[in-house]
Amino acid sequence: MGTIKDWVLDMREREKPAKEIPPGVDTSVPNIARVYDYMLGGTFNFPADRHMAELTLQIAPDAPVLAQEHRAFLRRTVRFLAAEGVRQFLDIGSGLPTQGNTHEIAETAAPGARTVYVDIDPIVILHTRQLLAASATATIVQADIREPDGIVQHRHVRERIDFSEPVGLLLCAILHHLHDHEAPGEIARHLIAALPPGSHVVISHFHNPGSSRPDVALQAEEAERLFNERLGTGRWRGREEISGYFSGTDLVDPGLVCVPDWRPDPGEYQFRGTRYYGDYAYTSLTYQSWLGGVGRKN
Ligand SMILES: C[S@@+](CC[C@H](N)C(=O)[O-])C[C@H]1O[C@@H](n2cnc3c(N)ncnc32)[C@H](O)[C@@H]1O
């Protein structure tokens with residue numbers, strides 16, 4: 001049976017294809033989207049990103065598994081929203097294309113569903129544009145979530161998203177990249193206020209459980225320190241604060257939970273201690289440090 005360490009070694013060995021880099025991008029500095037891509041086993045990353053990822057693994061050796069779990073959460077929520085009748089998705093902080101992108105899941109679940117991705121990162125924009133070149137239903141817009149009105153009013157957003165029909169707003173792994181002084185709660189409120197009834201918001205966020213789990217809290221604090229030193233962002237917040245980001249919506253069952261526990265697909269879920277991915281097994285602490293949920297606006 002392999003271990004997480006073997007999995008990471010495999011990941012390092014994987015061939016890294018040539019990548020197109022937009023002018024002005026400094027690949028010697030680690031970057032959120034590319035570090036996350038590495039954690040997901042992707043190839044849009046550079047030595048500085050891989051070094052940062054490996055420092056993270058010293059704190060949270062199972063971070064790649066949680067990253068995969070988080071993507072699985074995102075896919076399940078998009079299918080859930082489609083089943084609730086949502087036909088248009090606004091995915092902010094969408095990240096580099098990976099396996100099972102929002103528009104692919106949405107269109108499989110609801111043919112004709114429209115998706116607008118939003119991200120600030122020029123490499124994300126370039127590679128998502130290339131992926132979507134032939135798409136009639138999905139597009140990407142470069143914008144900053146810290147200016148939410150700029151997103152809601154953006155011409156290309158308005159071309160595809162009808163704000164009089166239910167919208168699926170995805171804020172996955174983005175609000176924890178905003179500092180406290182940038183008021184992530186206000187930003188979420190502003191975006192949710194723009195949505196009509198029947199809309200849903202999906203939020204996932206790094207979590208620090210505080211004194212209820214000192215071992216997890218310690219890991220969260222170490223990771224937060226590393227992220228801020230190397231990436232300039234990263235906040236592991238408490239449950240109450242994260243719950244507040246759903247303001248204006250009602251949380252659907254099972255509420256705000258560890259991402260693997262949000263409506264696991266039958267057969268997918270095993271138990272909280274050790275999980276198996278092919279030959280790889282892990283026992284998780286990081287499991288507790290990533291919460292997600294879905295709110296419905298009534
Ligand atoms: C960790 S990735 C999350 C990707 C995807 N949402 C997921 O959950 O799998 C965070 C993304 O947020 C983007 N991002 C960070 N700050 C942002 C900002 N101020 N405005 C828009 N996007 C931002 C990053 O470029 C990155 O692609």
Report task. Pop out the ³J(HN,Hα) list for segment 232-248 in order, Karplus 6.51 cos²θ - 1.76 cosθ + 1.60 with θ = phi - 60°, rounded to Hz; leave Gly and Pro as x. Result -> x, 8, x, 10, 9, 9, x, 4, 4, 5, 5, 4, x, 5, 8, 3, x
Query - Average projection area in nm² (convex hull over Cα atoms of segment 33-160, one quarter of hull surface) - result: 8.2
Report summary line: The correct pair for segment 194-234, radius of gyration to one decimal and Dmax as a whole number, both in Å and from Cα atoms, is 15.2, 41
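With all distinct Cα pairs included, what does the Kirkwood hydrodynamic radius of segment 21-103 come out to in Å, to one decimal, could you say?
Evaluated on segment 21-103, it is 14.1 Å.
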Report summary line: Applying the gyration tensor rule to the Cα atoms of segment 59-130 (axes a ≥ b ≥ c; rounded if a/c under 1.5, else prolate if a/b exceeds b/c, else oblate), the class is oblate
Report summary line: Sorted by chain and then number, the residues having a modelled amide H within less than 5 Å of the amide H of V141, at least 5 places away or on another chain, are Y117, V118, D119
Report task. In square nanometres and to one decimal, what's the mean projected area of the convex hull around the Cα atoms of the chain? Result -> 14.9
Requested in this report: Can you grab the distance from the C-alpha centre of segment 205-221 to the C-alpha centre of segment 44-112, Å, no decimals?
Outcome: 23
Query - Kirkwood hydrodynamic radius (C-alpha pairs) into Stokes-Einstein, segment 100-176, 4 °C and 1.567 mPa s, D in µm²/s - result: 98
Query raised in the report: Translational D (Stokes-Einstein, µm²/s) of segment 150-219 at 20 °C and 1.002 mPa s when Rh comes from the Kirkwood sum over C-alpha pairs?
Result: 152
Query raised in the report: Just from its helices, what would the mean residue ellipticity at 222 nm be for the chain, if runs of 4 or more DSSP H residues each count -39500 (n - 2.57) and the sum is divided by every residue, rounded to the nearest 500 deg cm²/dmol?
Result: -11500 deg cm²/dmol
Query - Heavy-atom surface of the chain, accessible at 1.4 Å and reported per residue (Å²) - result: 43
Query raised in the report: From Cα coordinates alone, what are the radius of gyration and Dmax values for segment 102-144 in angstrom?
Result: 10.5, 29
Query raised in the report: What is the antiparallel percent of DSSP beta bridges lying wholly in the chain, to the nearest 5?
Result: 45
Requested in this report: Find the percent of Cα-Cα distances in segment 120-275 that exceed 22 Å, and round it to a whole number.
Outcome: 52
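The values are calculated or read from the model by the stated rules, or taken from the named source; none is laboratory data. This is a predicted model, so every value here is computed, not measured. For the accessible areas, the whole protein counts, side chains as well, though only heavy atoms, and no ligand, DNA or RNA atoms are used. Shrake-Rupley method; radii C 1.70, N 1.55, O 1.52, S 1.80 Å.
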